[in-house]
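Structure first, commentary second.
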Amino acid sequence: VQLQASGGGLVQAGESRRLSCAASKIIFTTYVMGWYRQASGKQRELVATITRSSSTNYADSVKGRFTISRDNAKNTVYLQMNSLKFEDTAVYYCNAKRTFDMLEYWGQGTQVTVSS
């Protein structure tokens, strides 16, 4: 199983960025896909999740600014991040969780740095 995240980088506050996570060797539609992030010195936290039917859930801190989506045909989940803030700076991790047995996988993380 591989979750390959990409799209991170250095952006200025107020700008946008889109992260992608391509999954392989899993039955993609059986997994809830999510994005988590971990800032330096802090615990990993939920950013957003999306079910196979595209029901979404967001952390309060990103509601209205971030949008999670998935393309089941491409086994890919996206995170569109708009109006980025300095406090969004973190390593962003892709997650796949199979709800009936809680089996989950993590991607390698992609760094997003927002300069103020």
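List the residues, sorted by chain then number, that are 5 or more residues from Phe66 or on another chain and whose placed amide H is less than 5 Å from its amide H.
Under 5 Å from the amide H of Phe66: Asn82.
To the nearest 10 square angstrom, how much accessible area does Asp101 have with a 1.4 angstrom probe?
Roughly 70 Å² of Asp101 is accessible to a 1.4 Å probe.
Provide the per residue accessible area, probe 1.4 Å, for the chain, rounded to a whole number of square angstrom.
53
Compare Met33, Met81, Met102 in a GNM of the chain, Cα atoms joined below 10 Å, and give the one with the largest fluctuation.
Looking only at Met33, Met81, Met102, the largest GNM fluctuation is found for Met102.
May I ask you to compute the full-extension gain from Ser69 to Ser115, defined as 0.36 nm times their residue separation minus their alpha-carbon distance, rounded to one decimal in nm?
14.0 nm
So, in Å, what gap is there between the alpha-carbon centers of the stretch 95-110 and the stretch 26-79?
11
Below 8 Å, C-alpha to C-alpha, sequence gap of six or more: please give me the relative contact order for the chain in percent. Present the calculation step by step, with values, prior to reporting the outcome.
Numbers: 282 pairs, mean separation 41.6, N = 116.
Rounded, it is 36 percent for the chain.
Put a dot 7 Å past each Cα toward the Cβ at Gln2 and Ala39; how far apart are the dots in nm?
With each label placed 7 Å out from Cα toward Cβ, I get 3.3 nm.
Using the Karplus curve 6.51 cos²θ - 1.76 cosθ + 1.60 with θ = phi - 60°, what ³J(HN,Hα) values do you get for each residue of the stretch 98-110, in whole Hz, with x for Gly and Pro?
Per residue, the Karplus-derived 3J(HN,Hα) values read 9, 5, 6, 9, 6, 5, 9, 9, 10, x, 7, x, 9 Hz.
Using a 1.4 Å probe on the protein chains only, how many percent of the accessible area of the chain belongs to carbon and sulfur?
Here it works out to 47 percent.
HN-Hα J couplings of the stretch 32-49 from phi, Karplus 6.51/-1.76/1.60, θ = phi - 60°, integer Hz, Gly and Pro as x?
7, 9, x, 10, 10, 9, 9, 7, 4, x, 10, 7, 5, 9, 5, 9, 6, 9
Using a 1.4 angstrom probe and counting only protein chains, how large is the accessible area of Phe86 in Å², to 10?
In the full protein context, Phe86 sits at about 120 Å².
The values are calculated or read from the model by the stated rules, or taken from the named source; none is laboratory data. Remember, it's a predicted structure, so these values are computed and weren't measured experimentally. Cβ atoms come from the backbone with ideal geometry, glycine included; neighbour counts cover every protein chain shown. Quick note on the areas: whole protein, heavy atoms, side chains included, nothing else; ligands and nucleic acids left out. Shrake-Rupley method; radii C 1.70, N 1.55, O 1.52, S 1.80 Å.
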